[in-house]
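S.K.: One structure coming up, written as structure tokens, with questions to follow.
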Amino acid sequence: MSDHKHHIMPLKVYVSVFACLLVLTVVTVWVSLFDFGKLNMWIAMFVASIKAGLVAMYFMQLKYDNRLYLYILLAGFAFLALLLGVTVFDISTRVMQSSTL
Amino acid sequence: MSVFLLLIQSAFAERFMPYQGTAIAAEIDYLYSFLLIVSLIAFVILIGGMLYFALKYRRKADNEPTPRITHNTALEFLWSGIPFIIFMIAFAWGLIIHKKMVDFPDKAFEVHVTGYRWAWDFQYKSGKKITNELYVPAGEPVKLIMTSKDVIHSFFIPAFRVKQDVVPGRYTALWFEAKTPGVYQVFCTEYCGTNHSRMLAKLHVLPKKKFEKWLSDNPYKGLSLAQRGEKILKGSCAACHGLSNARKIGPGFQGLWGKERVLEDGTTVVADAEYIRNSILYPQKQIVKSYNQVKMNSYQGQLSEDELTYIIEYFKNEKGN
Amino acid sequence: MAHDSQVSYLKYGNQTGLWSWLTTLDHKKIGIMYFISIFIFFFIGGMFALLMRLELLHPEPLFSADQYNQMMTYHGAIMTFMVIIPGVPAFLGNFLLPLMIGAKDVAFPRVNLMSWYCLMIGAAISFATIFFGGVDTGWTFYTPYSLETSGNTIMMVLGAFVMGFSSILTGVNFIVTIHRLRAPGMGFFQMPLMVWALYSTAIIQVVATPVLAITLLLLALEKVFGVGIFDPKLGGDPVLFQHYFWFYSHPAVYIMILPSMGIISELITTFSRKIIFGYRAIVYSTFGIASVSFFVWGHHMFVSGQSYWTGWIFSLLTMLVGVPTAIKAFNWVATMYRGSISFKAPMLFAFGYLFLFSIGGITGIYLAVIPIDVHFHDTYFVVAHFHYVMVGGTLLALTGGLYYWFPKMFGKICSELGSQISFFLIFVGFNVTFFPQFVLGHMGMPRRYHTYLPEFETLNIISTVGSWMIASGFFVTLGVVIYALLKGPKSGDNPWGGTTLEWKTSSPPPHENFETIPTVTGGPYEYGS
Amino acid sequence: MSMAVDHLNGEALHHFPDAHTEFEASKLGIWLFLCTEILMFGGLFVAYFIFHGLYPEAFVEGAKYTDWKLGAANTVVLLFSSLTIALAVHFLQKDNIKAAAVNLAITFGCAALFMLIKGIEYSHKIHEGLLPGRWFSHAKEAQELPTYFAIYFTTTGIHGLHVLIGMALIIWVFIRTIRGGFNSRYYTAVEGVALYWHLVDLVWIFLFPLLYLV
């Protein structure tokens, strides 16, 4: 298998993915105008993850590539979530002492 | 057989562990001896097995054929299951004891601890303050509410098996119920710089009545003003300043009154009442030459007005004799 | 000139000058360069250890407190960042990995050379701190002390940051080599256990070290610009720094121990002349340890002001990491059953490893039980525990591996008597040094103290005497290695009768490792009956 | 021992069995490096989420000082540069060297524009004294506001540094493309730089809403 055929994505796909990204950017900004309180953060993160997913799947060609690269990307996010989860859990469940002088 | 085991347990653990100052310390030692015994057995099995195999199957000829044993599922299940069960028992037992160590009894006697670079200040609700000497009643739960003025320290009483980091910017706490009166050693176990190894304190456990008397009596009763000043200097200041003229972390105090002091910026000033008061309340303003590595904490709000006058009184008449 | 593929890699293309070494792309030469630099750093770090033990001979201080604090910091930093983290993976791993999987070289030779330079530049920066103010924060750089000390923390942090890249790049290199360059016919389960150990270590290196990079960067930014993430006076949280630091540093201790477990698997199979017992069990427990190692960092912080719930969860997970370690120990001993066991020096080191590492492992389980850790935390019990695991584990395995693969590297064999003497000196000296420290830990002697109460004196004297024995043991090792390099007898291609792939080529191997890339048929340990 | 090998017509480095393995090896190496980048930036995001949790009002207050229009412009610029560098790889796969070079140039231009906008934002903040930690000298003394700007400057600063590194890589790859160093059988370096650039864009996609909008 000397000259392995790399998957070539048609031009149209690139442009349509870019269009989606622009639309999602507008959505992110638009959504931020409303005040959902705590929920704002989660919506922003959700929309950003969709955009990130689009860039990773199409621009970085994870959709057509060896599954291993997708697992590496997800591993990165998994360990990040582990550190985040534990530190937030620790800070939120601390029993705070206070001075009684 | 079980009596024999109990004998080993208590003898073995007791010999190493310090005095059991509280009921919980005894429980911890009991759990620890259980772990010691179990791991001794496991160690004998593993290392004994290793030595036995090494001697029994030592190489007699160079290319001896050896059987092709690749695995034995039952055996492998055994030596992963049993350690797992033992570890879970150890975890659960430890959890039960630790739960007791962190459930603070609500009517505990509270003492405030302030750790700072290289000494411990203790403050009682009655306003009484003392350095490096903690007095607590025996047989009653005592809760220490602790914070630090500069870096992380850690309050450790080996005899009571309690330790808690003292973190700047927030309060942490620990509690114990001392069984028998006596004097116990306190260490700082979180690295905090130059005098980390000298940041020790003594914990005095007194019977209830003697403690009440100690708490109510005025530390300065029957002392002249100068003697009171000397008592303060020997308390909170002893960590860094000596009453002789020898240099410790800070300058020595002997013959300070009226002496010319050459400051870091080259100016000189006479050590009078104003100079002493300023160097206690705003130590950073006038630093004597070559003492600028270590920043002295200000004692603003720590020493009352009369205590400041006692100190000045001490210097005034110490010069006299 | 002899046919190129016959000539040993040391004399390949008659490039033997210093410049050819400093610009080599051959994984074997890079491995030897790591060997030399790591042993130099080890002796420097060891010198600081001897100075510390000298100070602790008697309660009366020999050096000033600041000098002792700097010695303690340099001993810790040098030993972890420069000796024991790069130690086995970069030295033995670099040399052996391509040989063991039948490849000509690692995947990215230039990146491999760059990792060595990262280590050396980082080490140079860290050593420079001695002349620019010294560092006295301990190798853990806990804030807010590291922010307030007058020492040159920024430079040391920068040095560690650069050395971190050496670790990341080696990890990336090894993972790609194992994935892409295995010899035809060598599936994942035909690889020797040493390669499995290097693979799991490389994964930890790649995933954990970046968090150290960002922690050190934030610490430096905090010190220069007062960024206020870890500094309580500016609203930061010092316990958060401990979370960040130990999220890297606990997997880092598994970077230290997993490759040495790989070495021990190789030593025990070769010197028992018997197929490893439970090959798959050992592979799965290696990965068990590697993955669970990311969930347990909080057991360094039981008393640090971390919430109790977090402490309990970390205590439970730390128990889980003990189980695969126990499985591996039992599997090694089971391999010896009905084997043909020789008592050559490398095997003695394997026995020493099993003895000391099981004590280290068991005391690790004690420290996972919270009430016991509350008493033992930051006392000499912890110092004894991690020296039993690191010196008793990794360094013994590294020295055993050095004697075992010395013929493969240089074509000469170390003197059997000399290596056995070095083993006994190190083994006995080690126990004399560190077992008393367990007892000191019981009695509550805190760590990082330069003077101590009189009741701790006798045990500290014994410990200091022990440290002289360890030092002499490692000097004997140095002597044996140098003597063997200069005048050692020829060792032939396979002096120990090993069956893994690296013993199938000549010792020292040619530049291209194998005349023709071998096709692998059976498993790695085919002793056959 | 020179590494020079004629890659353009499918030859592989001496220690690789064939060109495809070499390509896949480099790609695996790049992806592992990207994983370390994710974790490195992850440390900053964890700091962001924790301090957002500890001091929510400081973050809301701080976000008011950031100009979201500039942030949105930067997002569009980076997304576009992500598109153009992906197209550069696409054209190389089709042996259209000229189009690939043009796209690389556009990507570089967008990166420079991004840094320019970032520069404007920074100078505005420095001018107003909205700086981290003890350098904070802005009139409005909100509780913990300096912590917000500590997070803001650290994350955008390190991200900006990565954009600069990306620009250097793009120039290096651009020069090699013009000199005809790549074709459809060998474009590993461009693929690597493209993956790195997409990751830098990925980080900004998360940074923009968190710092500017929430």
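S.K.: Taking the stretch C:188-215 as the search range and keeping residues that are over 21 Å from the mean Cα position of the chain (by Cα) and either outside any helix (DSSP H, G or I) or in contact (Cβ under 8 Å) with a residue 60 or more places away in the chain (or both), which one is nearest to the other protein chains (Cβ to nearest Cβ)?
M.R.: C:Phe189
S.K.: Could you look through the stretch A:67-101, keep only residues that are charged (D, E, K, R) and out of contact with any His (no Cβ under 8 Å at 6 or more places or on another chain), and pick out the one that is farthest from the other protein chains (Cβ to nearest Cβ)? Let's see the steps before the verdict.
M.R.: We begin by selecting, within the stretch A:67-101, every residue charged (D, E, K, R); these are A:67, A:90, A:94.
Cutting the leftovers down to out of contact with any His (no Cβ under 8 Å at 6 or more places or on another chain) gives us A:67, A:94.
Values: A:Arg67: 12, A:Arg94: 4 Å.
By that ranking, first place goes to A:Arg67.
S.K.: Taking the options B:Lys128, B:Lys143, B:Lys163, name whichever one is touching a Leu at 6+ places or on another chain (Cβ under 9 Å) and modelled with pLDDT under 90.
M.R.: None of the other options fit; the residue is B:Lys128.
S.K.: List the number of the failed condition for B:Val167; all other conditions in (1) farther than 19 Å from B:Ile97 by Cβ; (2) more than 7 Å from every other protein chain (Cβ to nearest Cβ); (3) surrounded by 24 or more Cβ atoms within 10 Å (Cβ to Cβ); (4) not basic (Lys, Arg) hold.
M.R.: Condition (2) is where B:Val167 drops out.
S.K.: May I pose another question? I want to confirm something. Restricting to the stretch C:219-233 and keeping residues that are out of contact with any Leu (no Cβ under 7 Å at 6 or more places or on another chain), over 14 Å from C:Tyr145 (Cα atoms) and facing another protein chain (nearest Cβ under 7 Å), which single residue is surrounded by the most Cβ atoms within 10 Å (Cβ to Cβ)?
M.R.: Going through the stretch C:219-233, the residues out of contact with any Leu (no Cβ under 7 Å at 6 or more places or on another chain) turn out to be C:219, C:221, C:224-225, C:232-233.
From the residues that got through so far, the ones that are over 14 Å from C:Tyr145 (Cα atoms) too are C:221, C:224-225.
Subset that is facing another protein chain (nearest Cβ under 7 Å): C:221, C:225.
Numbers: C:Leu221: 21, C:Phe225: 17.
Residue satisfying both the conditions and the ranking: C:Leu221.
S.K.: Counting just the residues of the stretch C:495-529 that are free of Cβ contacts under 8 Å to residues at least 60 places away in the same chain and part of a loop (DSSP other than H, G, I, E, B), which one comes out farthest from the other protein chains (Cβ to nearest Cβ)?
M.R.: C:Thr516
S.K.: Output the residues belonging to the stretch B:282-294 that are touching a helix residue (DSSP H, G or I) at 6+ places or on another chain (Cβ under 8 Å) and either small (Gly, Ala, Ser) or without any contact (Cβ under 8 Å) to a residue 60 or more places away in the chain (or both). Steps first, answer last, please.
M.R.: Step one: of the stretch B:282-294, the residues touching a helix residue (DSSP H, G or I) at 6+ places or on another chain (Cβ under 8 Å) are B:285-286, B:294.
Answer for the stretch B:282-294, where residues must be touching a helix residue (DSSP H, G or I) at 6+ places or on another chain (Cβ under 8 Å) and either small (Gly, Ala, Ser) or without any contact (Cβ under 8 Å) to a residue 60 or more places away in the chain (or both): B:Lys285, B:Gln286.
S.K.: Counting just the residues of the stretch C:56-69 that are in a helix (DSSP H, G or I) and surrounded by fewer than 22 Cβ atoms within 10 Å (Cβ to Cβ), which one comes out nearest to the chain's Cα centre (by Cα)?
M.R.: In this case the residue turns out to be C:Gln67.
S.K.: Hey, another quick one. List the number of the failed condition for D:Ala111; all other conditions in (1) surrounded by fewer than 18 Cβ atoms within 10 Å (Cβ to Cβ); (2) of a type in the set (Gly, Ala, Ser); (3) more than 13 Å from every other protein chain (Cβ to nearest Cβ); (4) in a helix (DSSP H, G or I) hold.
M.R.: Among (1) surrounded by fewer than 18 Cβ atoms within 10 Å (Cβ to Cβ); (2) of a type in the set (Gly, Ala, Ser); (3) more than 13 Å from every other protein chain (Cβ to nearest Cβ); (4) in a helix (DSSP H, G or I), D:Ala111 violates only (1).
S.K.: What pairs can you find where one residue is in the stretch B:180-208 and facing chain C (nearest Cβ under 7 Å), the other is assigned to a strand (DSSP E or B) and aromatic (Phe, Trp, Tyr), and their Cβ atoms are less than 6 Å apart, with a gap of 6+ or different chains?
M.R.: Qualifying pairs under 6 Å: B:Phe187/B:Phe156; B:Thr189/B:Phe156.
S.K.: Kindly indicate whether any position in the stretch A:57-80 is touching a Gly at 6+ places or on another chain (Cβ under 7 Å) and under 28 Å from C:Gly305 (Cα atoms).
M.R.: yes
S.K.: Looking at B:Val142, B:Val102 in this structure, which one is at the interface with chain C (Cβ under 7 Å from one of its Cβ atoms), among the hydrophobic types (A, V, I, L, M, F, W, C) and farther than 23 Å from C:Gly278 by Cα?
M.R.: Exactly one of B:Val142, B:Val102 is at the interface with chain C (Cβ under 7 Å from one of its Cβ atoms), among the hydrophobic types (A, V, I, L, M, F, W, C) and farther than 23 Å from C:Gly278 by Cα, namely B:Val102.
S.K.: Here is a follow-up. List the helices (runs of 4 or more DSSP H) that sit entirely inside the stretch C:106-187 and contain at least 1 residues that are away from chain B (no Cβ under 14 Å) and among the β-branched types (Val, Ile, Thr). Break it down stepwise before answering.
M.R.: Details: elements: C:109-128, C:145-148, C:153-180.
Per the criteria, C:109-128, C:153-180.
S.K.: Report yes if C:Val172 is out of contact with any Gly (no Cβ under 6 Å at 6 or more places or on another chain), over 29 Å from C:Phe230 (Cα atoms) and among the β-branched types (Val, Ile, Thr), otherwise no.
M.R.: Judged against the criteria, C:Val172 is not a match.
S.K.: Moving on. When you scan the stretch B:59-78, do you find a residue that is charged (D, E, K, R), under 22 Å from C:Phe271 (Cβ atoms) and more than 7 Å from chain C (Cβ to nearest Cβ), even just one?
M.R.: Going residue by residue through the stretch B:59-78, those that are charged (D, E, K, R) are B:59-60, B:62, B:64, B:68, B:76.
Those left that are additionally under 22 Å from C:Phe271 (Cβ atoms): B:59-60, B:62, B:64, B:68.
Next, only the ones that are more than 7 Å from chain C (Cβ to nearest Cβ) stay: B:60, B:62.
Yes.
S.K.: Cβ-Cβ distance below 6 Å, separation of 6 or more or different chains: which pairs start in the stretch D:71-93 with a residue that is more than 8 Å from chain A (Cβ to nearest Cβ) and end on one that is crowded, with 24+ Cβ neighbours inside 10 Å and not in a helix (DSSP H, G or I)?
M.R.: Listed pairs, sorted by first residue: D:Leu92/D:Phe182; D:Leu92/D:Tyr187.
S.K.: Between D:Thr36, D:Thr21, D:Thr66, which is within 30 Å of C:Lys11 (Cβ to Cβ) and either of a type in the set (Val, Ile, Thr) or within 27 Å of the chain's Cα centre (by Cα) (or both)? Quick ask: steps written out before the conclusion?
M.R.: Values: D:Thr36 fails: within 30 Å of C:Lys11 (Cβ to Cβ); D:Thr66 fails: within 30 Å of C:Lys11 (Cβ to Cβ).
Selected residue: D:Thr21, the only one of D:Thr36, D:Thr21, D:Thr66 that is within 30 Å of C:Lys11 (Cβ to Cβ) and either of a type in the set (Val, Ile, Thr) or within 27 Å of the chain's Cα centre (by Cα) (or both).
S.K.: At least 1 residues that are among the aliphatic types (A, V, I, L, M) and over 21 Å from the mean Cα position of the chain (by Cα) in each: list the helices (runs of 4 or more DSSP H) lying fully within the stretch C:372-479 that qualify. Step through it out loud before you land on a result.
M.R.: Values: elements: C:380-389, C:396-410, C:416-443.
Once the helices (runs of 4 or more DSSP H) in the stretch C:372-479 are filtered for at least 1 residues that are among the aliphatic types (A, V, I, L, M) and over 21 Å from the mean Cα position of the chain (by Cα), what remains is C:416-443.
S.K.: On to the next question. Could you count how many residues in the stretch A:37-91 are farther than 17 Å from D:Ile30 by Cβ and not in a helix (DSSP H, G or I)?
M.R.: Counting residues in the stretch A:37-91 that are farther than 17 Å from D:Ile30 by Cβ and not in a helix (DSSP H, G or I) gives 2.
S.K.: In this structure, is D:Lys125 within 16 Å of the chain's Cα centre (by Cα), in a helix (DSSP H, G or I), of a type in the set (D, E, K, R) and surrounded by 17 or more Cβ atoms within 10 Å (Cβ to Cβ)? Before you say what the answer is, go through the steps one by one.
M.R.: Values: within 16 Å of the chain's Cα centre (by Cα): no; in a helix (DSSP H, G or I): yes; of a type in the set (D, E, K, R): yes; surrounded by 17 or more Cβ atoms within 10 Å (Cβ to Cβ): yes.
Answer is no for this residue.
S.K.: Only one of (1) of a type in the set (Ser, Thr, Tyr); (2) more than 8 Å from chain D (Cβ to nearest Cβ); (3) surrounded by 13 or more Cβ atoms within 10 Å (Cβ to Cβ) fails for A:Tyr64. Which number is that?
M.R.: If we test A:Tyr64 against (1) of a type in the set (Ser, Thr, Tyr); (2) more than 8 Å from chain D (Cβ to nearest Cβ); (3) surrounded by 13 or more Cβ atoms within 10 Å (Cβ to Cβ), just (3) comes out false.
S.K.: Right, next: So C:Ser315 ticks every box in (1) within 7 Å of chain B (Cβ to nearest Cβ); (2) farther than 26 Å from A:Met96 by Cβ; (3) under 26 Å from the mean Cα position of the chain (by Cα) but one. Which box is left unticked?
M.R.: C:Ser315 satisfies every listed condition except (2).
S.K.: Turning to a different aspect of this structure: Pick from D:Gly29, D:Gly53, D:Gly43: which is surrounded by fewer than 16 Cβ atoms within 10 Å (Cβ to Cβ), within 7 Å of another protein chain (Cβ to nearest Cβ) and assigned to a helix (DSSP H, G or I)?
M.R.: D:Gly53
S.K.: From C:Gln242, C:Gln306, grab the single residue that is within 10 Å of chain B (Cβ to nearest Cβ) and outside any helix (DSSP H, G or I). Give the derivation first.
M.R.: Values: C:Gln242 fails: outside any helix (DSSP H, G or I).
Of C:Gln242, C:Gln306, the one residue that is within 10 Å of chain B (Cβ to nearest Cβ) and outside any helix (DSSP H, G or I) is C:Gln306.
The values are calculated or read from the model by the stated rules, or taken from the named source; none is laboratory data. Model, not experiment: these values are computed from the prediction. Cβ coordinates were reconstructed from backbone atoms using ideal geometry, including for glycine residues, and neighbour counts include every protein chain displayed.
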